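To keep things clear, I will list the structure first and then write my remarks on it.
Taken together, the values in this text are just the output of simple stated rules run on the coordinates, not laboratory data. Keep in mind that what you see is a predicted model, and the values were worked out from it rather than measured. No Cβ is skipped: glycine too gets one built from the backbone with ideal geometry, and neighbour counts run over all protein chains shown.
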Amino acid sequence: MASIASVRKRGRVDYWPGFVDVLATLLLVFVFLLSIFALSQFFLSQEITGRDVLVDQLREQLAELNEMFALGTAENQELNDSLALLQADLATAEAERNDLQGLLDLGAGQAQTAAGRINELNDQLAAQQLAASRSVSQIELLNQQLAALRRQIGALEQALEASESRDREAQTTIADLGRRLNVALAQRVQELSRYRSDFFGRLREILGNRPGIQIVGDRFVVQAEVLFPSASDQLNPAALGGLEEVALAVRELEAEIPADIAWVLRVDGHTDNRPLSGAGQFADNWELSAARAISVVQFMIDRGVQPGHLVAAGFGEFQPISAGVSEAELAQNRRIEFKITER
């Protein structure tokens, strides 16, 4: 059988070296683009972090200016109230002065007292006028300070809006880069699917239409009776030749798939739902299915397949293909499945 495989191999044109070179070139380009994306995402993250800090500082300054504006407004209101009181006192003083002037006209005896009272009121009036003038000056100063605060608040609001606009632009850029990365990852998944299709095509060519062997979807299914005696995990000698060719195909696949694509060949063991007696080597179908999968994996490792590309799994009777109870339907459930998947 090995001689027939070698004759077939010499009869085919080997396109794989050129194909591998093309894949290696595509891989280098992809790694270069991925590195550029990682660097750009790092710098964008740093810029966004710095802008967030600046926005927080601007917001704190805005809050402080709003507090100062509120305090200045309160002080302005107090000064206005004081001015109103002073103006009321001034009006009262002027009324009293007028009253005293009338008393002066009424009697000469009260003239000196009235004159003294008038002088006193005049002094009070001058003091109140001076206080009112100072209040007006303070109000004007506060108004100027409030205008300056309004200008600063306007400038801070403009800076905050500009910073938020830049932040939105950066978020848009990051989202675009994320979409590009998803597209690149989808392309790598498609590459693995293509390698899987090529692998199953080779197995179809190698094993042909042998009984008990079929390809179902993305799985290569071998009936357990082809590989193992009943209730045993020891490989049938008659099945070793076919497994040799499967191991050869896996080694060729290892040489073709780029090293940065994480993949494994999963070997799944399945049994029917008839329980074991418990007196043999295995206590139940779990142990039997797992042991058979491990036997196939160990055989491939012995034939040169990398252990990192192999996974053994036992499912017992819990993943049946057929729900029937006839002997033919039970035989369908006793099987070994090969499946290439992501690691």
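The equivalent ellipsoid that matches the C-alpha gyration tensor of the range 209-342 spans semi-axes of 26, 15, 14 angstrom, in descending order.
Working from label points 7 Å from Cα in the Cα-to-Cβ sense, the Glu47 to Val22 distance is 3.8 nm.
Taking amide H atoms as placed 1.01 Å from N in the peptide plane, the amide H of Gly316 lies under 5 Å from those of Thr271, Ser289, Ala290, each 5 or more residues away in sequence or on another chain. Rounded to 0.05, the FRET efficiency of the Gln138 and Gln112 pair, given R0 = 41 Å and the Cβ-Cβ distance, is 0.55. The simple spin-label model puts a point 7 Å past each Cα toward its Cβ; for Gln101 and Asp176 those points are separated by 8.3 nm. Spacing of the modelled spin labels on Ala231 and Ala259, each 7 Å from Cα toward Cβ, amounts to 4.8 nm. Put simply, the amide H of Trp263, placed in the peptide plane, has neighbours under 5 Å in Arg343, leaving out anything fewer than 5 places away on its chain.
Debye sum, Cα scatterers, the range 257-318, no solvent: what log₁₀ I/I(0) at q = 0.12, 0.20, 0.26 1/Å? Result of the Debye calculation: -0.37, -0.76, -1.00. Shape of the range 34-187 from the C-alpha gyration tensor: prolate (a/c of 1.5 or more and a/b above b/c, with a ≥ b ≥ c the square roots of its eigenvalues).
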